[in-house]
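Taken together, the values in this text are just the output of simple stated rules run on the coordinates, not laboratory data. Note that the structure is predicted; figures quoted are calculated from it, not measured. Here the Cβ positions follow ideal geometry from the backbone for every residue, glycine too, while neighbour counts run over all protein chains shown.
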């Protein structure tokens, strides 16, 4: 899995257009609010001129255009404008309060530096409360002589101040809370989208690997079927050509073997094609009808094709998965095919099937010409893949006295298939290729 990306919230063009629209709405609403507040005389005789209110409205509206790009700076500017506005008794309260709320919310929702976002909001909120307490204390001193202030702790003036404190707590707390909620919701959405992308990439990779493995299995099966049957037909046809004049009966027997091998090849091809056309996740190997019991027939066919081949079973057979049976059969088939092709005249082969308490071992040894440098080909690659797919191990090595030895051992206790390496290019062989 790729490393998770860091969540960075960046405004889109649509977000920026919405910010510009919000600034325009705030400007219009602030002008209307300032005009009505001025007419209503919210500050009485101490009220500042109306044109000051228009400046305040412009001061809180313009920064909103870039609130998502520069949330901290916008919040500080709007907070300062609010402080000046209330201190100078500017007749506009509502648009300013809304702008401060939006600015604090934006810091929490859009500022990527979370530590700085906390410090900016905490600084503004703390400053506002200190300023509010100072104003309340100043007003209390100014009106200390009035009866409603001196009436006690629960006097109308004190009750009004407590309401002011409570409203400000809810006001600033709401801006902080909803900003945090927006940030975490966006972070969760980002994580979900990233996970979805990762799962989609993994699914595509798995599908590509499945296709590749299917192609490898099909190619391996085709190679085994073609190599074996064509090899048998070629050897028997060549032998029949050599003896047809002096021993017609023997030539007929060999040609009958060619005919039988061609029928078997057509049957194997038909079975393979039917498997490919059928839906399901089974590969060609799983659908094959051959198994360990057919290895003896392989040895007999090899003997009939001109390579003296002995077959020996040691131990008592135990049930193994059908895939293992197919793979062992194909390994024996490929090994005998290579022996007929490369061992030379006068060679012989020996096939041994050993059953132990925890494994089945197949060994094919042939005599013949000495192999100098072993150059692996598709046949060896297919045998290794089949052994690994069965959870076993395989040895492919020339014999010092001449010939070649193939030995594969597969556990019989529910082996775990190993991952075979899928080649990126066809193996090329020079000289002796098996």
Q | Burial ordering of 54, 126, fewest other beta-carbon atoms within 10 Å first | A | 126, 54
Q.
How large is the Rg to Rh ratio of the range 67-111 when both quantities use alpha carbon positions and Rh follows Kirkwood?
A. 1.02
Q) Normalised by the residues of the range 13-203, what does the relative contact order come to in percent, with Cα pairs under 8 Å and at least six apart? A) 20
Q. By count of other Cβ within 10 Å, fewest leading, how are 253, 14 ordered?
A. 14, 253
Q | Least to most buried among 51, 355, 183 (fewest other Cβ within 10 Å first) | A | 51, 355, 183
Q.
Can you compute the FRET efficiency between residue 249 and residue 345 using 1/(1 + (r/R0)^6), with r the Cβ-Cβ distance and R0 = 30 Å? Round to the nearest 0.05.
A. 0.85
Q.
Sort 200-206, 100-106, 329-335 by packing, meaning the average of other beta carbons within 10 Å per residue, with the highest value first.
A. 329-335, 100-106, 200-206
Q: Quote the FRET efficiency, to the nearest 0.05, computed for residue 119 versus residue 55 with a Förster distance R0 of 41 Å and r equal to the Cβ-Cβ distance.
A: 0.90
Q) So how compact is the range 13-203: Cα radius of gyration and Dmax in angstrom? A) 20.3, 79
Q) Assuming R0 = 30 Å, what is the FRET efficiency of residue 94 and residue 134, from their Cβ-Cβ distance, to the nearest 0.05? A) 0.85
